[in-house]
Number of protein chains: 2
Amino acid sequence: MKDKLLLLGVLKQSEMHGYQLYDFIEQNLASCTTLKKPSAYFLLSKMEQEGLVQVVEQRIGNRPPRKVYRLTQAGERLFQQLLQENLSQFTPTVFPGDIGIAFLDQIPIEQGVRLLRKRLQKMQVHLAHLETIPPHRGSASLLIKHQIQHLHNEIQWLREVIADLQEAGNLPQAQKDNEFSHQDSSSN
Amino acid sequence: MKDKLLLLGVLKQSEMHGYQLYDFIEQNLASCTTLKKPSAYFLLSKMEQEGLVQVVEQRIGNRPPRKVYRLTQAGERLFQQLLQENLSQFTPTVFPGDIGIAFLDQIPIEQGVRLLRKRLQKMQVHLAHLETIPPHRGSASLLIKHQIQHLHNEIQWLREVIADLQEAGNLPQAQKDNEFSHQDSSSN
DNA sequence: TTCTGAATAGTCAAGATTGAATATTCGAAA
DNA sequence: TTTCGAATATTCAATCTTGACTATTCAGAA
């Protein structure tokens, strides 16, 4: 349903044809979704059947006709509804990268440290890239700020994981397959 | 591919039948994936065809026979490979909740604030829940710490968004459809 | 013993997603 | 003016996902 909201929202701002729409999303909203081209077309034709968008064949110059999508009133209404749901709901973030973390104890510690450092470096490169993006106007700047803040946090967390791992590696005993059952004795 | 790694990893620790596997993932690894039951079964039978797991019909008491999955050597090898890839790669986090943020300027500010406060509250409830989970041993504790730290960060970010929004609402002029084109005059 | 609900174990058809391919136009170099 | 690569616009077959359902067993209540 979330990609439907996305398409409706973009179309609300201005009517577009499929490719343009997909391109806009890829450029500006990649941090919200991973919608691929064929999925966008699939959703658009479904939304046409549902009467949410209206399709007009448009011909510019002697280019082949393109299907231009425009929001209908039903589409507007659904947009408002989905927007309100999206804003008020919360869905816990899923981290596929944590799968590897969960199985860290299946490889030698030094190898784990080496691989995670590689990951860390990629994160730093990505952060540097994000920080070069000039501030947009409007809500787009919020999205970028979000990504940057989040990435800072992720980098910090990963550094901690690596440090824990190394610490466990330096204790010279009792590590065959439960390498880091560290548990700081603070708190409680 | 990531769910394959997940299944291989769990099966490496101990052989299991489908339901047990799915249940274990749901209980312990929900923060890494959203794999559903039928997908788990689908993947398992595919992995059987690929020779990554070996299936044995097992009969306990007079229960109906169950298919018990065990890792093959090829499965072990693929696990090691996928694990190394997962640990060394980095994939930017996607935030479906940011779709709504991107369209915040399509609704009145007070409504936006109200809806986001609802979201904020759900996040706080979820955080409180995470913090009641007793510390596991081993890498699982890393995953929980990750979720908690991340959620703290998300809450802080959302508070900032709400504050920005309210601030924009208090400027009494020039807001019809570009409600918060705030842009701190610093930097540049 | 019969019933009921919970837990266990799995399946299926319908729908969604995607890598890869197709088809056209444009611009510019050869 | 032919050709080649890039940009535009879309489609398709194959694969993957999922809500909803089925079927069995078990434990305890009636």
Task: chain A - percent relative contact order, Cα under 8 Å, separation 6 or more - done: 19
- [ ] Report the one residue of A:Ile109, A:Leu5, A:Asn153 whose Cα lies farthest in the direction of the positive end of the charge dipole of chain A (charges on C-beta: Lys and Arg +1, Asp and Glu -1; origin at the Cα centre).
- [x] A:Leu5
Open item on the list: If I model a spin label as a point 7 Å beyond the Cα along the Cα-Cβ vector, how far apart are those points for A:Thr132 and A:Lys118 in nm?
Closed with: 2.4
TODO: List the distances, in nm and shortest first, from the label point of B:Pro92 to the matching label points in every other copy, placing each point 7 Å from Cα along the Cα-to-Cβ direction.
DONE: 2.6
Task: Dipole-positive endmost among A:Gln49, A:Ala163, A:Ser31 within chain A (Cβ charges, Cα centre) - done: A:Gln49
Task: Prolate/oblate/rounded call for segment A:2-88, Cα gyration tensor, a/c under 1.5 rounded - done: oblate
TODO: Mind checking the full-extension length gain between A:Ala30 and A:Gln58? Use 0.36 nm per residue of separation minus the Cα-Cα distance, one decimal, nm.
DONE: 7.3 nm
- [ ] Mind listing the label-point distances from B:Tyr19 to the same position on all other copies, shortest first, one decimal in nm, points 7 Å along Cα→Cβ?
- [x] 5.2
TODO: Kindly write out, for segment A:32-38 in residue order, the coupling ³J(HN,Hα) from the Karplus curve 6.51 cos²θ - 1.76 cosθ + 1.60 (θ = phi - 60°), rounded to whole Hz, with x marking Gly and Pro.
DONE: 9, 7, 10, 2, 9, 3, x
TODO: Pick out, in residue order, every one of the trypsin sites (Lys or Arg not before Pro) in segment B:6-86 that is DSSP loop and has at most 15 other C-beta atoms within 10 Å; say none if there are none.
DONE: B:Lys36, B:Arg59
Task: Given charges at beta-carbon only (K, R positive; D, E negative), |dipole| of the protein assembly as shown in Debye - done: 1040
Task: Whole-Hz ³J(HN,Hα) from phi, Karplus 6.51 cos²θ - 1.76 cosθ + 1.60, for segment A:106-120, glycine and proline x - done: 8, 10, x, 4, 4, 5, x, 4, 4, 5, 5, 5, 4, 4, 4
- [ ] Name the shape class, rounded, prolate or oblate, that the alpha-carbon gyration tensor gives for segment B:97-170, where a ≥ b ≥ c are the square roots of its eigenvalues, rounded holds for a/c under 1.5, and otherwise prolate holds if a/b is larger than b/c and oblate otherwise.
- [x] prolate
Task: Table column - 3J(HN,Hα) (Hz), segment A:75-83, Karplus curve with 6.51, -1.76, 1.60, x for Gly and Pro - done: x, 4, 4, 4, 4, 4, 5, 5, 4
TODO: For peptide A:133-141, compute the average count of partner chain beta-carbon atoms within 10 Å of each residue's beta-carbon.
DONE: 5
TODO: Treating only the Cβ atoms of Lys and Arg (+1) and Asp and Glu (-1) as charged, compute the dipole magnitude of segment A:1-141 about its Cα centre; round to the nearest 20 debye.
DONE: 380
Open item on the list: List the residues, sorted by chain then number, that are 5 or more residues from B:Val53 or on another chain and whose placed amide H is less than 5 Å from its amide H.
Closed with: B:Glu48, B:Thr72
Open item on the list: Rounded, prolate or oblate for chain A? Axes are the square roots of the Cα gyration tensor eigenvalues, ordered a ≥ b ≥ c, and the cut-off for rounded is a/c under 1.5.
Closed with: prolate
- [ ] Scan around B:His17 for amide H atoms under 5 Å from its own, H built in the peptide plane at 1.01 Å from N, and keep only partners 5 or more places away or cross-chain.
- [x] B:Tyr69
Task: Percentage relative contact order, segment A:1-89, counting C-alpha pairs under 8 Å, at least six apart - done: 36
- [ ] Sort out for me the Cα centre separation of segment B:91-138 from segment B:1-18, rounded to whole Å.
- [x] 31
Open item on the list: To make sure I understand the rule: partners must be aspartates and glutamates, Cα under 17 Å from the Cα of A:Lys4, and not fewer than 8 residues away in the same chain. Which ones qualify?
Closed with: A:Glu15, A:Asp23, A:Glu26, A:Glu48, A:Glu50, A:Glu76, A:Glu85, B:Asp98
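Any read-out appearing in this document is the output of simple, stated calculations on the displayed coordinates, not a laboratory observation. Just so you know, these numbers come straight off a predicted model, no measurement behind them. Using ideal geometry, Cβ is built from the backbone for each residue, glycine included, and neighbour counts are taken over all protein chains shown.
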